[in-house]
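**Q** Have a look at this one.
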Amino acid sequence: MSDTGTPSAPEFSRMVDRRSITAEPVTLEANEAERAALARRFEIVSVEHLHATVTLEADGEVVNAKGTLDAAIVQSCAVSGDDLPQTVSEELTLRFVPESALPAYSPDEEVELTEDELDEIPYSGTAFDLGEAVAQTLALAIDPYAEGPDADSARRAHGLVEEGDEDGPLADMLRGLKG
């Protein structure tokens with residue numbers, strides 16, 4: 001949502017009309033402004049590169065998407081806070097389904113999803129946002145607890161572990177909570 005309360009457009013929007021799908025793969029490449037906006041959204045240092053190649057296949061109103069996502073990001077080490085360059089390579093398997101074809105659930109209702117339903121993305125009308133689906137796939141691939149090469153040094157410097165003792169006070173505390 002924007003500050004005015006209206007929904008804001010996704011940072012990496014690539015609308016695809018299911019009626020225009022061909023056998024040719026779709027290539028998506030994020031520009032500099034889109035990468036900067038995605039980095040802010042995902043709360044990482046930067047998105048250096050974001051590229052996806054996706055083959056779309058229409059099955060009536062349902063569209064199956066398969067392809068690859070490749071990205072280069074810089075995030076902060078979860079321990080030291082240092083910049084930590086990472087590469088992301090993910091297989092994409094998505095299914096765009098008309099909202100009208102999905103069951104209606106109450107907001108308070110607990111729902112069990114099958115494995116096939118996990119990557120179903122609802123859309124309305126005749127178009128869906130392939131770019132946003134790729135961006136969400138990238139977000140899910142980012143390890144929020146990634147540690148860089150200096151993580152152990154940072155732990156020792158902050159008294160979380162002692163030299164030669166990889167257990168330390170934090171591990172003792174956690175063991176106490178388990179016991």
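**Q** At a 10 Å Cβ-Cβ cut-off, how would you order GLU43, GLU120, fewest neighbours first? Mind showing how you got there, number by number?
**A** Working: GLU43 10, GLU120 15.
With the fewest neighbours first, GLU43, GLU120 line up as GLU43, GLU120.
**Q** Still on this structure, I have one more. Roughly speaking, what is the stretch gain from GLU147 to THR68, that is 0.36 nm per residue apart minus the C-alpha to C-alpha distance, in nm to one decimal?
**A** 25.9 nm
**Q** Can I ask one more? Pull out a ≥ b ≥ c, the square roots of the eigenvalues of the alpha-carbon gyration tensor of the range 15-148, then state rounded if a/c is under 1.5, prolate if not and a/b is larger than b/c, and oblate in the remaining case.
**A** oblate
**Q** Taking the Cβ-Cβ separation of THR93 and GLU32 as r and a Förster radius of 30 Å, what is the calculated FRET efficiency to the nearest 0.05?
**A** Working from the Cβ atoms, E equals 0.55.
**Q** Taking the mean number of other Cβ atoms within 10 Å as a proxy for protection, how do you rank 67-74, 55-62, 78-85 from highest to lowest?
**A** Values: 67-74: 18.2, 55-62: 13.2, 78-85: 15.6.
The densest-packed peptide leads the list: 67-74, 78-85, 55-62.
**Q** Using modelled backbone amide H atoms (1.01 Å from N, in-plane), which distant-in-sequence or interchain residues come within less than 5 Å of VAL161's amide H?
**A** ARG156
No value in this document is a laboratory result; all are computed from the given coordinates. Computed from a predicted structure; not experimentally measured. As a convention, Cβ positions derive from the backbone with ideal geometry for all residues, glycine included, and neighbour counts pool all protein chains shown.
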